[in-house]
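The values are calculated or read from the model by the stated rules, or taken from the named source; none is laboratory data. None of the values given here were measured: they were computed from a predicted structure. Cβ placement follows ideal geometry from the backbone for every residue including glycine, while neighbour counts extend to all protein chains displayed.
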Amino acid sequence: MSAVEPFPRDWRSCLVLVPHPDDPEYGIGAAVAKWTSQGKTVHYALASRGEQGIAGMMPEQAGPLREIEQRRSAAIVGVEEVEFWASPDSEIRNTPALRATIVDTITRVKPDVVVTIYSGPEWGPGAPNQRDHIEFAKAVAQAYDSLSDPPRWLFENGPEMTHGESVDGYLDHAVASLAAHENYLRVLDPDTPVLEQARKQVEMATPPHPDFGGAPTVGFILKRPPA
């Protein structure tokens, strides 16, 4: 097995591109908290407001509520810039229109590094990836490849990592950030307290890694190396 490299250090701004609210918190919240504590700038852009994500709640109610929760969540880990596009939740597809929005956003934000969701078919045996995630991540890669002057790096957050960010000391930030999606989590699992759900998920997303001294680590997959 190849050694996992540390996530790059020599950057100042990162653009996180995801399809739904809570996508950053389910994977990279602890890394984001670490980066912003170091003075780095992180910008979130979400394709949808997750309006289909709360069972029993009408989309016109769920969408604005989830946007509020996402902004609150981002603030906890030091993210000040959060934007939402108009893609329909659960129907996000790799279309020319979506790729154009991604290109426009990257061009406007001018990040050093882009991080997006996992594009693989499954996170592990019996854990299939969502179609929205797969389609969106593929759109990000194609949009990135179409740029004449792309950011230096493109990463996905996912299994079989090539790079890792040790996040010891930032897990509580990540838990609080995910727990800010309280309405979503309460409906998702009514029998488990929100903080308990959040802590369990963060621990799953930050397993100890031997290449980082056994510290909890967020995993990334390098999709496009620097030119």
### Task
Could you please give the count of residues in region 152-195 that are over 15 Å from the mean Cα position of the chain (by Cα), within 29 Å of Arg99 (Cα to Cα) and either charged (D, E, K, R) or surrounded by fewer than 21 Cβ atoms within 10 Å (Cβ to Cβ) (or both)?
4
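Check region 45-57 and report whether any residue there is under 21 Å from Asn129 (Cα atoms), touching a strand residue (DSSP E or B) at 6+ places or on another chain (Cβ under 8 Å), of a type in the set (A, V, I, L, M, F, W, C) and without any contact (Cβ under 8 Å) to a residue 40 or more places away in the chain. Walk me through how you get there before you give the answer.
First pass over region 45-57, keeping only residues under 21 Å from Asn129 (Cα atoms): 45-55.
The next check asks that each one be touching a strand residue (DSSP E or B) at 6+ places or on another chain (Cβ under 8 Å); those that pass are 45-49.
From the residues that got through so far, the ones that are of a type in the set (A, V, I, L, M, F, W, C) too are 45-47.
After this cut, where a residue has to be without any contact (Cβ under 8 Å) to a residue 40 or more places away in the chain as well, the list is 46.
Yes; the residues of region 45-57 include at least one that is under 21 Å from Asn129 (Cα atoms), touching a strand residue (DSSP E or B) at 6+ places or on another chain (Cβ under 8 Å), of a type in the set (A, V, I, L, M, F, W, C) and without any contact (Cβ under 8 Å) to a residue 40 or more places away in the chain.
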### Task
Would you check if Val18 is modelled with pLDDT of 95 or more, over 15 Å from the mean Cα position of the chain (by Cα) and surrounded by 18 or more Cβ atoms within 10 Å (Cβ to Cβ)?
no
### Query
Which ones in region 199-227 are assigned to a helix (DSSP H, G or I), touching a residue at least 24 places away in the same chain (Cβ under 8 Å) and under 18 Å from Val32 (Cα atoms)?
Arg199, Gln201, Val202, Glu203, Ala205, Phe212
### Query
Looking at Val115, Val109, which is the one that is touching a residue at least 40 places away in the same chain (Cβ under 8 Å) and in contact with a Cys (Cβ under 9 Å, 6 or more places away or on another chain)?
Val115
### Query
So how many residues does region 182-227 have that are out of contact with any Pro (no Cβ under 8 Å at 6 or more places or on another chain) and among the polar types (S, T, N, Q)?
4
### Task
Report, by residue number, each residue of region 68-86 that is in contact with a Pro (Cβ under 7 Å, 6 or more places away or on another chain) and either modelled with pLDDT under 95 or part of a loop (DSSP other than H, G, I, E, B) (or both).
none
### Query
Considering only strands (runs of 3 or more DSSP E) fully contained in region 112-167, which possess at least 1 residues that are closer than 26 Å to Ala215 by Cα and of a type in the set (Asp, Glu)?
122-124, 153-157, 163-166
### Query
Within region 33-55, is there a residue that is modelled with pLDDT under 95, charged (D, E, K, R), over 29 Å from Phe212 (Cβ atoms) and outside any strand (DSSP E or B)?
yes
### Task
Go through (1) of a type in the set (D, E, K, R); (2) surrounded by fewer than 16 Cβ atoms within 10 Å (Cβ to Cβ); (3) touching a residue at least 12 places away in the same chain (Cβ under 8 Å) and name the single condition Asp149 misses.
(3)
### Query
Looking at Arg9, Arg93, which is the one that is of a type in the set (D, E, K, R), in contact (Cβ under 8 Å) with a residue 40 or more places away in the chain and surrounded by fewer than 24 Cβ atoms within 10 Å (Cβ to Cβ)?
Arg93
### Query
If you scan region 39-74, which residues turn out to be surrounded by fewer than 16 Cβ atoms within 10 Å (Cβ to Cβ) and hydrophobic (A, V, I, L, M, F, W, C)?
Ala55, Met58, Ile68
### Query
For Ile68, all conditions in the list (1) in contact (Cβ under 8 Å) with a residue 12 or more places away in the chain; (2) within 18 Å of the chain's Cα centre (by Cα) hold save one; what is the number of the exception?
(1)
